[in-house]
1. Output the qualifying pairs, or none if there are none: Cβ atoms under 6 angstrom, residues six or more apart or on different chains, first residue in segment 268-284 and more than 23 Å from residue 33 (Cα to Cα), second residue at pLDDT 95 or above and assigned to a helix (DSSP H, G or I).
2. Could you check residue 322 against (1) buried (at least 19 other Cβ atoms within 10 Å of the Cβ); (2) part of a loop (DSSP other than H, G, I, E, B); (3) more than 20 Å from the chain's Cα centre (by Cα) and say which number it fails?
3. From the residues in segment 181-212 that are in contact with a helix residue (DSSP H, G or I) (Cβ under 7 Å, 6 or more places away or on another chain) and outside any helix (DSSP H, G or I), which one is surrounded by the fewest Cβ atoms within 10 Å (Cβ to Cβ)?
4. Here are 22, 31: which of them is crowded, with 16+ Cβ neighbours inside 10 Å, touching a strand residue (DSSP E or B) at 6+ places or on another chain (Cβ under 9 Å) and modelled with pLDDT of 90 or more?
5. Tell me which residues, restricted to segment 1-14, are at pLDDT 95 or above and crowded, with 19+ Cβ neighbours inside 10 Å.
6. With the checklist (1) over 28 Å from residue 129 (Cα atoms); (2) without any contact (Cβ under 8 Å) to a residue 60 or more places away in the chain; (3) in contact with a strand residue (DSSP E or B) (Cβ under 9 Å, 6 or more places away or on another chain) in hand, flag the one item residue 4 doesn't pass.
7. Among the residues of segment 35-45 satisfying the criterion of being surrounded by fewer than 19 Cβ atoms within 10 Å (Cβ to Cβ) and at pLDDT 90 or above, which is nearest to residue 347 (Cα to Cα)?
8. Mind checking which residues of segment 59-84 are free of Cβ contacts under 8 Å to residues at least 60 places away in the same chain, within 24 Å of the chain's Cα centre (by Cα) and surrounded by 16 or more Cβ atoms within 10 Å (Cβ to Cβ)?
């Protein structure tokens, strides 16, 4: 019997339907087992982000997809210097042994090719630290004799999900007001955001160099969706942008582990008291695919944690009754910790740099990062 031929090739728009079927058919594991599906077509995410990209698929006999990986190319600022980044995402591998072995064989040459053709200086990716299968496959592989990429930890961070508020313990600042953006806010808001971005590394050059043009040209952001916090002197002291998850892709919960299911039941009870919002039922119990709905808090800046409370409260009230809030922060950034009185969870993530074997330590981007990281767009 002829042995099956497995090849790695760049995907084209003609592959969209098959890619989406494969991509959405493999759930990510963790506290929550989730299947992700792109809207319109598989490449819609990249078109909305307006970033150049390449998607690759591992294919058996030109008929069956065994694995996928996408790379988005962008320049980011690190210590006042712009560096070319390839952000790796969409990593899915079939559970077939043939797929796993062939992926290991093809992935390193693929990185080397992209590095040369796209003038990439660093490969970055984010991983959910509760996904044990992914961590074991890539960070702690069993077969260490193979020539394969090395994943170097840059920074750990957390995704905070906010589902409601405990009575009496959540107290916003009475001297801070939060209102929707007005045209007269633009210049002051730009100055405020740019000042905050100066304290962060890994900011996209388009945002760093011309924030106004970036928002004007964006397919995801618009000025009138910003929420702005002001003090009693009418000075901007905070802002955020609530971005709907449905603008990027859909997330379908398949199963909750015991810890997550207990929290879901807790939310269900508290929702009856009007203190929280329920989570979407898992597919395993509802027998119907229903997506999670949430708002991602981007451009989330404030001068003091008390102001953070006002911004979160306003964003929560402005969101729909089936939506929760989510934002990313580094645990060392104490000001960004979820406020006392919020009903919330924290999911551990980490940002890694992908190296070739035997890389020179001085080439690591980790050595250049001296500030907190601009995490918007680092996960989705």
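The values are calculated or read from the model by the stated rules, or taken from the named source; none is laboratory data. These figures come from a predicted structure and were not determined experimentally. Glycine also receives a Cβ, built like all others from the backbone with ideal geometry; neighbour counts cover every protein chain displayed.
1. The qualifying pairs do not exist here.
2. (1)
3. The extreme case among them is 181.
4. Working: 31 fails: modelled with pLDDT of 90 or more.
Matching residue, one of 22, 31: 22.
5. 11 - this is the single residue of segment 1-14 that is at pLDDT 95 or above and crowded, with 19+ Cβ neighbours inside 10 Å.
6. (2)
7. Filtering segment 35-45 down to residues surrounded by fewer than 19 Cβ atoms within 10 Å (Cβ to Cβ) leaves 35, 37, 39-41, 44.
So of that shortlist, the ones also at pLDDT 90 or above come out as 35, 37, 41, 44.
Working: 35: 17, 37: 21, 41: 28, 44: 26 Å.
Here the residue is 35.
8. Selection gives 67, 68, 69, 70, 71, 72, 73.
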